[in-house]
Every structure is written in C-alpha cells, then in structure tokens.
Amino acid sequence: MTMLVLTRKLKEAINIGDQIEISILGIEGDQVKIGVSAPKDVDIHRKEIYEAIQKENNEAAAQYVDITNLFD
Amino acid sequence: MLIETKYLGEQEITNQKLLSFPLGLPGFQEEKSFVLLDIPGNGVLQLLQSVQSPMLAFIVTNPHMFYKEYNFSLDTPTIDTLKINEEKDIVILSIMTIHEPFDQSTINLKAPIIMNAKEKIGKQVILNQNDYPLKANIQIPQDQEGGE
C-alpha cells in the first residue's frame, strides 16, 4: 500500500471515495482533532486500541486449555 | 450441519444456532460465522467456536458474573448493525484469556461481544466511552466492584 500525503488546514476535509469524509476540526499544540463521517458498516478506531484488541484476541485464540479443568 | 470444533470434536449444529458476525472480529476479520457451545459440566464458561476454522474458539463468559456493575451504552451504528429493537434481545459476552492458575485468568471488558439473540448477529464492540480494562481480573476485590 502506498501513502498519499496531503496538507490540510483547520476545517478543511478529505474525501475517501464518496462515502467517507475526514475533517480537521481542531489543532492544539501537538494534538489534532479529527472528525470522520463514514457508513455504519465501517468501524473506526484509534489504531493503538484496535491493535491491543487484536493482540488480546490472538492471545485468547492461541491457547489450548483443558476445558474439563476450568472452574465452574 | 456437522462442524469440527477445537475442544468438543464434531458437533451437529442446527442453522438456528449459527451466529453471524458480519465484520468478523479484530484479528479475525474473515471469520463471519460462529456458534456458541456449552462446555459440559460448566455453567459459567462457554465456547464461541468458529464454524469455518475448527481450531478457532474463544472461551467466553457473561461478564456480569464477575462485574455486576459493568454497563455501557451502545452507539447507533452498533444498534443498526445488530438490528437491535429490544434491549431484552441483547446478549453480552466477554472473551476470557486463561492463565495458570485459573484465578489469574482475565476477561476483556474493553471489547465485549454483543449479540442480538433474536436475529443471531454478533459484533465485538470496542468501548471508547468507558475506561474498562482489556485484562480485567476475574477475582473481584471485595470492596470494589465494576471497572478498574
């Protein structure tokens, strides 16, 4: 995958296809407030949180435990 | 239909038991069909077994057994995706990560699995409004229930 780099100012936006819009809502110091409008079947997450969930799911899925020996 | 499972050998599954996960799960986006299986002799834990991948099964539990005050609201896209009309149709499960000894195991309160039991649709929802932990201890401190 390649990366397209664009410069945007406050309140400007980017369209991805005709259904996704990303707007710059605020800039304060090293923080940028971004608004994302997308169809409901597109999940939007902070990357580090999504990766943490992926990792936890992978860990949970990778284990093989003795299910006869789990507490009840 | 007959499916191969990670823990319970071959299982006969009726179509009514099939759960659709249209978005898959984070890390398992191609896994769109699961089934919830009881663990014989265990009334607390269940298995969320992939229909297409025999070796993929999560151990899941009702988080309210461990955290009575666990609660959150669902956003509109989730309610739409799951076609939820009535609150009573909602089933909440948490994925458990097993550790030895067993009481060191954790449940994922940050990203519960929400299901519409009536429509048989599920989704793992990432809660952004709440500060619930990804690895919540299954032992509840006596003076402090709920999230960390």
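Quick note: the coordinates plus some simple rules give every number you see, no bench work behind them. Fair warning: this is a prediction, and the values are worked out from it, not measured in the lab. Please note: Cβ atoms are built from the backbone with ideal geometry, for glycine as well, and neighbour counts cover all protein chains shown.
For the reader, a short list of remarks on this structure follows.
- Members of the range A:36-60 found to be over 14 Å from B:Ala111 (Cβ atoms) and without any contact (Cβ under 8 Å) to a residue 12 or more places away in the chain, listed by number: A:Lys40, A:Asp41, A:Ile44, A:Lys47
- Only one entry of A:Glu21, A:Glu12 meets the criterion of being farther than 30 Å from B:Ile138 by Cβ and surrounded by 14 or more Cβ atoms within 10 Å (Cβ to Cβ), and that entry is A:Glu21.
- In the set (1) more than 17 Å from B:Ile126 (Cβ to Cβ); (2) free of Cβ contacts under 8 Å to residues at least 40 places away in the same chain; (3) surrounded by 15 or more Cβ atoms within 10 Å (Cβ to Cβ), the condition left unmet by B:Asp38 is number (3).
- Scanning the range B:70-84 for residues that are touching a residue at least 12 places away in the same chain (Cβ under 8 Å), over 26 Å from A:Glu59 (Cβ atoms) and not hydroxyl-bearing (Ser, Thr, Tyr) gives B:Lys83, B:Ile84.
- Considering residues of the range B:114-130 that are in a strand (DSSP E or B) and more than 10 Å from every other protein chain (Cβ to nearest Cβ) only, the residue surrounded by the fewest Cβ atoms within 10 Å (Cβ to Cβ): B:Ile121
- Residues satisfying the stated conditions in the range B:49-85, i.e. at the interface with chain A (Cβ under 10 Å from one of its Cβ atoms) and of a type outside the set (Ser, Thr, Tyr): B:Met55, B:Leu56, B:Ala57, B:Phe58, B:Ile59, B:Val60, B:Asp75, B:Pro77, B:Ile79, B:Asp80
- Of the listed requirements (1) in contact with a Ser or Thr (Cβ under 8 Å, 6 or more places away or on another chain); (2) of a type outside the set (A, V, I, L, M, F, W, C); (3) farther than 24 Å from B:Tyr132 by Cα, A:Glu59 misses just one: (3).
- Hits in the range B:88-100 - residues which are more than 10 Å from chain A (Cβ to nearest Cβ) and either loosely packed, with under 14 Cβ neighbours inside 10 Å or assigned to a helix (DSSP H, G or I) (or both): B:Lys88, B:Asp89
- Inter-residue pairs, beta-carbon under 7 Å, first free of Cβ contacts under 8 Å to residues at least 24 places away in the same chain and in the range B:110-133, second surrounded by fewer than 22 Cβ atoms within 10 Å (Cβ to Cβ), 6+ apart: B:Asp131/B:Gly147
- Some residue of the range B:95-117 being closer than 19 Å to A:Ile44 by Cα and among the acidic types (Asp, Glu): no
- Filtering A:Val42, A:Val36 for residues that are in contact with a strand residue (DSSP E or B) (Cβ under 8 Å, 6 or more places away or on another chain), within 14 Å of chain B (Cβ to nearest Cβ) and farther than 30 Å from B:Pro54 by Cα leaves a single hit, A:Val36.
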